[in-house]
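> Structure in structure tokens, see below.
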Amino acid sequence: MEITFPQKSRIAIILLLMTAVLLVVPAQAGTRFFGGSPNLTAYIAGTDQFTAGSEIQIPVVIKNTEIDDNYEVSPDIVDRADVPTTAKFVTIAMGAGNAPVTVKTDPQMIGDIPSQAQQTVVFSAKVNENAPGGTYTLPLTINFTQFSSVDQLDNMGSFRYYYVPVNMTLTVPLVIKSEVIPEIVSATSENLVAGSSGYVNLTIANTGSLDGTKATVQITQHDDSPVSPVDSSVYIGDFPAGSTVSCQYKVSVAKDAENKTYPVDVTVLYQNDEGDFISSQTKTAGVPVGNRVTFVILSPQVIMSPGSTNTIQVEYENTGDSTIYNAEARVSVVAPFSSSSAVAYIGELAPGQTAVASYEISVAQAATLKQYGLDSEIRYNSALGDTYVSDPVKVSISVENLTGIQGIISNPVYVSLIIAVLIGIIYGVIHTRRKNR
């Protein structure tokens, strides 16, 4: 069945339907902002306190604190692509300013920062070794682009946007802690040679900005350095900023050390203003080390014959870099040799000096004719009174049959016969003279 409405009823129904559509589908509204601009602030996230000589990371937070509260919303407004409170294409660079630091990070791009948003950027830096304590300011150079205005070109939604560049500088505080900073003024050594003990003398200055109290200067072995401390700590008490102190340490040196300068590490343990005990940064001192005590034999090869006994002279030279004291030289005799006096006192011997030791050596009658080497070593005291024994050196002896007068004299049988003959001749002469009286 077909239903028909009068003309006026149709118009009323159409208006009713149009009203219902308007209620269900709201008109599209746009937003127009009236002025405003980014308001950027900066601060360091986390701690802003650092120590001298340290490699540091500085996390800087850049925040746009501007609020978008000056705008209107209307159905006949078309939304713009940008708003004036957004900082676009932000680039940030950190400088050292008056701070004793070196900034290592180049300028960084961090993108857009809308209203009430923030970005964090991290800068790497190095605090100077002797940086005095205090509060410093680091400048932040910030470049960005800001929306300025817009022209509507037509009714179809075509626009032309205008932007302006902005350059601004912010600062953030940086705190460098006051502390004791040791500086090696001088490092010398006494009687310090390879394979022995000696002394290291250090002069240390406090180049920091803090007066340390109850301070102790400590030395430790540096990595695999052959110099290692025997006495590692010297208590110095108060260590004011700008003051200097001298310390002496007994150290030992490995036997394989060379004639050169080796490192030792130096640290100061002190009490700060808060009563806490703090270890300073470690500094390295160079310690001169001399050649170890060694000897060479200067005397020529000794020649002996089987069955003979000789007093041989052996000349030793001190080729090291330190004086030895109460030295005794000795020779180790093994078959076919024997000795009734294998030790000789040679006393004090400075570097480059020589001394002669005498030994009585016998060779067995059945000794093989050849060259022999007898070990000889020197037992001595260092300047500190420590006792050492040198590396062995060889006393060269050649056993061979001697000829002529030398062979007769060196053979005890021949010598005995000669003595007997001489005694007989002397006796005969005396007896003959008595008869002739």
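The values are calculated or read from the model by the stated rules, or taken from the named source; none is laboratory data. All values reported here derive from a predicted model rather than from experimental measurement. Positions of Cβ are backbone-derived with ideal geometry, glycine not excepted, and every protein chain shown enters the neighbour counts.
> If you scan segment 92-117, which residues turn out to be surrounded by 15 or more Cβ atoms within 10 Å (Cβ to Cβ) and assigned to a strand (DSSP E or B)?
Answer for segment 92-117, where residues must be surrounded by 15 or more Cβ atoms within 10 Å (Cβ to Cβ) and assigned to a strand (DSSP E or B): Ile92, Ala93, Met94, Val101, Val103, Gln108, Ile110, Asp112, Ile113.
> Mind counting the residues in segment 252-273 that are in a loop (DSSP other than H, G, I, E, B) and crowded, with 20+ Cβ neighbours inside 10 Å? Break it down into steps so the answer makes sense when it comes.
Here is the first cut: in segment 252-273, the ones in a loop (DSSP other than H, G, I, E, B) are 254-259, 272-273.
Adding the requirement that they be crowded, with 20+ Cβ neighbours inside 10 Å leaves 257.
Final tally of qualifying residues: 1.
> With respect to Ser299, determine if the residue is assigned by TED's automatic domain parsing to the domain that holds Ile397, at pLDDT 95 or above, under 24 Å from Tyr325 (Cβ atoms) and surrounded by 13 or more Cβ atoms within 10 Å (Cβ to Cβ).
On the way: assigned by TED's automatic domain parsing to the domain that holds Ile397: yes; at pLDDT 95 or above: yes; under 24 Å from Tyr325 (Cβ atoms): yes; surrounded by 13 or more Cβ atoms within 10 Å (Cβ to Cβ): yes.
Here the answer is yes, as Ser299 does meet what is asked.
> Output the number of residues of segment 179-199 satisfying the condition of being of a type in the set (Asp, Glu), part of a loop (DSSP other than H, G, I, E, B) and closer than 25 Å to Tyr388 by Cβ. First the steps, then the outcome.
Pass one, segment 179-199, residues of a type in the set (Asp, Glu): 179, 183, 190.
From what's left, part of a loop (DSSP other than H, G, I, E, B): 179.
With closer than 25 Å to Tyr388 by Cβ added as a condition, the list becomes none.
Qualifying residue count for the region: 0.
> Turning to a different aspect of this structure: Checking the conditions here, which among Tyr249, Tyr199 is farther than 30 Å from Ile142 by Cβ and surrounded by fewer than 19 Cβ atoms within 10 Å (Cβ to Cβ)? Spell out how you get there, then give the answer.
Numbers: Tyr249 fails: surrounded by fewer than 19 Cβ atoms within 10 Å (Cβ to Cβ).
None of the others qualify; the one that does is Tyr199.
> Taking segment 353-382 on its own, how many of its residues are buried (at least 17 other Cβ atoms within 10 Å of the Cβ) and touching a residue at least 60 places away in the same chain (Cβ under 8 Å)? Give the steps one after another, and end with the answer.
Going through segment 353-382, the residues buried (at least 17 other Cβ atoms within 10 Å of the Cβ) turn out to be 355, 357, 359, 361-363, 367, 372, 374, 376, 378, 380, 382.
After this cut, where a residue has to be touching a residue at least 60 places away in the same chain (Cβ under 8 Å) as well, the list is 367, 376, 378, 380, 382.
Result for segment 353-382: 5.
> Can you name the condition, by its number, that Arg292 falls short on among (1) out of contact with any Lys or Arg (no Cβ under 9 Å at 6 or more places or on another chain); (2) outside any strand (DSSP E or B)?
(1)
> If Ser225 passes every condition in (1) in a strand (DSSP E or B); (2) touching a Phe, Trp or Tyr at 6+ places or on another chain (Cβ under 7 Å); (3) within 28 Å of Ala383 (Cα to Cα) but one, which one does it miss?
(1)
> A further question follows. Give segment 329-352 a look and list any residue that's surrounded by 13 or more Cβ atoms within 10 Å (Cβ to Cβ), over 47 Å from the mean Cα position of the chain (by Cα) and part of a loop (DSSP other than H, G, I, E, B), or say none.
Once the filter is applied, which keeps residues that are surrounded by 13 or more Cβ atoms within 10 Å (Cβ to Cβ), over 47 Å from the mean Cα position of the chain (by Cα) and part of a loop (DSSP other than H, G, I, E, B), segment 329-352 yields Val333, Pro336, Ala342.
> Could you give me the residue pairs with C-beta distances under 7 Å whose first residue belongs to segment 325-338 and is farther than 18 Å from Val389 by Cβ and in the same structural domain as Asp391 (by TED's automatic domain parsing), whose second residue is polar (S, T, N, Q) and part of a strand (DSSP E or B) wherever it lies, and which are 6+ apart or on separate chains?
What qualifies is Phe337/Ser362; Ser338/Ser362.
> Right, here's the next one. Take the conditions assigned to a loop (DSSP other than H, G, I, E, B) and of a type in the set (A, V, I, L, M) and apply them to Leu202. Does it pass? Can you show your working first?
Working: assigned to a loop (DSSP other than H, G, I, E, B): no; of a type in the set (A, V, I, L, M): yes.
No, not satisfied.
> Suppose we filter Asp223, Asp276 for residues that are free of Cβ contacts under 8 Å to residues at least 60 places away in the same chain, within 27 Å of Lys177 (Cα to Cα) and either out of contact with any helix residue (DSSP H, G or I) (no Cβ under 9 Å at 6 or more places or on another chain) or loosely packed, with under 13 Cβ neighbours inside 10 Å (or both); which single one remains?
Result of the check over Asp223, Asp276: Asp276.
> Look at Val314 and say whether it is out of contact with any Phe, Trp or Tyr (no Cβ under 9 Å at 6 or more places or on another chain), among the aliphatic types (A, V, I, L, M) and buried (at least 17 other Cβ atoms within 10 Å of the Cβ).
So Val314 fails the test.
> Right, another one. Residue by residue through segment 229-239, note down the ones that are surrounded by 13 or more Cβ atoms within 10 Å (Cβ to Cβ) and over 21 Å from Leu384 (Cα atoms).
Ile236, Asp238, Phe239, listed by residue number.
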